[in-house]
1. Kindly provide the set of residues from region 85-101 that are modelled with pLDDT under 90 and either more than 42 Å from the chain's Cα centre (by Cα) or of a type in the set (Phe, Trp, Tyr) (or both), ordered by number.
2. Give all pairs with beta carbons closer than 8 Å in which a residue from region 115-128 that is at negative phi meets a residue that is crowded, with 17+ Cβ neighbours inside 10 Å and small (Gly, Ala, Ser); count only pairs at least 6 apart in sequence or on separate chains.
3. Do you know which residues across region 100-121 are aliphatic (A, V, I, L, M) and surrounded by 14 or more Cβ atoms within 10 Å (Cβ to Cβ)?
4. If I filter region 104-148 down to residues being among the basic types (Lys, Arg) and assigned to a loop (DSSP other than H, G, I, E, B), which single residue comes out as farthest from residue 94 (Cα to Cα)?
5. From the list 70, 79, which one is modelled with pLDDT of 60 or more, part of a loop (DSSP other than H, G, I, E, B) and under 27 Å from the mean Cα position of the chain (by Cα)?
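The values are calculated or read from the model by the stated rules, or taken from the named source; none is laboratory data. Given the structure is predicted, the values throughout are model-derived calculations rather than measurements. For neighbour counting, all protein chains shown are included, and Cβ atoms are generated from backbone atoms with ideal geometry for every residue, glycine included.
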Amino acid sequence: MKRLICLVSIIFLFIYVIAGCNKTQPLQTKPTVSKVSPVETKVEQQDTEKSEQQIYSYDPKGRRDPFLSLVAPIRQKPLKEKGLGPFERYGLDEINLLAIAWDKQKSYALIMFPDKKSYTVTEGTRLGVHGGKIEKITQDSVIIREYIKDYRGVIKPRDSILKLHKEEGG
C-alpha cells in the first residue's frame, strides 16, 4: 500500500514538472530607450532638490521616554553599591561584635564582617546599609541608630543593638 501511494505521488510530481516545462516564455528583448527632452530632466532635478530641503525635526521636550518602564521597581533591600566603604556594605544583622575596650576618653568596639575582616569602631562611626550611626558603646553592647522609612513613607529612627555575648538558646 505504501508503495502504491509513493508511486502515485511520484507520477503526479513528474506530470507537474513536465506540464510546467511545456509553457514557453517569450524571450526578453532589449528594452527600448526613449529620448528624454532636456526640459523633463530639469523638472526632475528641481523635484529632488525640494525633497532634500524638507527636513523633519523632533522635539522631545515635555514628553516621557518611551523606552522607560511605566512601573517603578520596588526595592526591598538597599543595593550594595561598589563605591561604599566596608562599613556601609553590610546589614547590621551580618555584623558580629567581637570585643569592647575603653580608656579614659573613649570606648572602642571590634567588629567583624561576613568577609572575615575585622575593624575597630568608635561612637559616631557610620555603620550598615541604611546609614546607621553608632550612638553609644556600653560594656557589653553597641547601640546603632538608623533612620528608616515606614510603610507610609515617614522616616523614623530605629535602634539596633549588637551584643557582645549573644544569648544561647537551650
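1. 87, 90 - these are the residues of region 85-101 that are modelled with pLDDT under 90 and either more than 42 Å from the chain's Cα centre (by Cα) or of a type in the set (Phe, Trp, Tyr) (or both).
2. 120/109; 121/109; 122/107; 122/109; 123/107; 126/132
3. Residues satisfying the conditions are 100, 109, 110, 111, 112, 121.
4. 104
5. Just one listed residue meets the conditions, 70.
Quick grid of which residues meet (1) over 34 Å from the mean Cα position of the chain (by Cα); (2) surrounded by 14 or more Cβ atoms within 10 Å (Cβ to Cβ):
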position: 123; (1), (2): yes, yes
position: 129; (1), (2): no, yes
position: 137; (1), (2): yes, yes
position: 143; (1), (2): yes, yes
position: 148; (1), (2): no, no
position: 151; (1), (2): no, no
position: 161; (1), (2): yes, no
position: 164; (1), (2): yes, yes
